[in-house]
1. Out of 111, 100, 122, which single residue is under 30 Å from residue 184 (Cα atoms) and out of contact with any helix residue (DSSP H, G or I) (no Cβ under 7 Å at 6 or more places or on another chain)?
2. Evaluate the following for residue 54: is it more than 24 Å from residue 184 (Cβ to Cβ) and touching a strand residue (DSSP E or B) at 6+ places or on another chain (Cβ under 7 Å)?
3. State all residues of segment 39-63 that are surrounded by 13 or more Cβ atoms within 10 Å (Cβ to Cβ) and either modelled with pLDDT of 95 or more or assigned to a helix (DSSP H, G or I) (or both); if no residue qualifies, say none.
4. With the condition kept exactly as written, say whether any residue in segment 121-136 is touching a residue at least 60 places away in the same chain (Cβ under 8 Å) and farther than 30 Å from residue 63 by Cβ.
5. Could we say that residue 67 is buried (at least 19 other Cβ atoms within 10 Å of the Cβ) and either within 24 Å of residue 29 (Cα to Cα) or in contact (Cβ under 8 Å) with a residue 40 or more places away in the chain (or both) here?
6. Could you go through segment 64-86 and let me know if any residue there is assigned to a loop (DSSP other than H, G, I, E, B) and within 20 Å of residue 146 (Cα to Cα).
């Protein structure tokens, strides 16, 4: 007769459950940002087609479409960047690292860990430099475009850059932690194999 093990209690179990919940919430946040970016692309396509038809049929283009598209591209990139990284679609060369992860997993994870650590650093730098620009755009209420024709406030796009870069830094950190855990387990297995400890 087998006895079902009781779930672990205490601080470790609470910390583990908190990590799981926080990870799930962050994944939902990243997926939500990606969904907003996808919807934004759909709206952008409608605006482009509407502008083309208005130009062709009535010789009256929709004002501000080029400016909206220009600013939208930046926002969409930062909205979808962290989800692309989470899903493994982020831009990188997988030719060498993919082979290493299959044939020499320890070396592959060391290389991947370096890549993820560099990603954390770069996104943290981008976040640090973007925050002052967001504050300045918010305080001064600066805008892009021509006054009297069509203008857009700059702070929403700068806010998206801040949110996107921070989420991408966190996602890089999550991947980095996975590599650290793998290498730690690999090292522990090597130690146990060399020591020949009793069970």
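The values are calculated or read from the model by the stated rules, or taken from the named source; none is laboratory data. Treat the numbers as computed from the prediction; the structure is a model and nothing was measured. Cβ: placed from backbone, ideal geometry, glycine included. Neighbour counts: every protein chain shown.
1. Result of the check over 111, 100, 122: 122.
2. Values: more than 24 Å from residue 184 (Cβ to Cβ): yes; touching a strand residue (DSSP E or B) at 6+ places or on another chain (Cβ under 7 Å): no.
Spelling it out, it is not the case that residue 54 is more than 24 Å from residue 184 (Cβ to Cβ) and touching a strand residue (DSSP E or B) at 6+ places or on another chain (Cβ under 7 Å).
3. To start, the set of residues in segment 39-63 that are surrounded by 13 or more Cβ atoms within 10 Å (Cβ to Cβ) comprises 40-41, 44, 47-48, 50-52, 54-55, 61-63.
Result: 40, 41, 44, 47, 48, 50, 51, 52, 54, 55.
4. Within segment 121-136, not a single residue is touching a residue at least 60 places away in the same chain (Cβ under 8 Å) and farther than 30 Å from residue 63 by Cβ.
5. Considered against the rule, which asks whether it is buried (at least 19 other Cβ atoms within 10 Å of the Cβ) and either within 24 Å of residue 29 (Cα to Cα) or in contact (Cβ under 8 Å) with a residue 40 or more places away in the chain (or both), residue 67 comes out as no.
6. Yes - at least one qualifying residue is present in segment 64-86.
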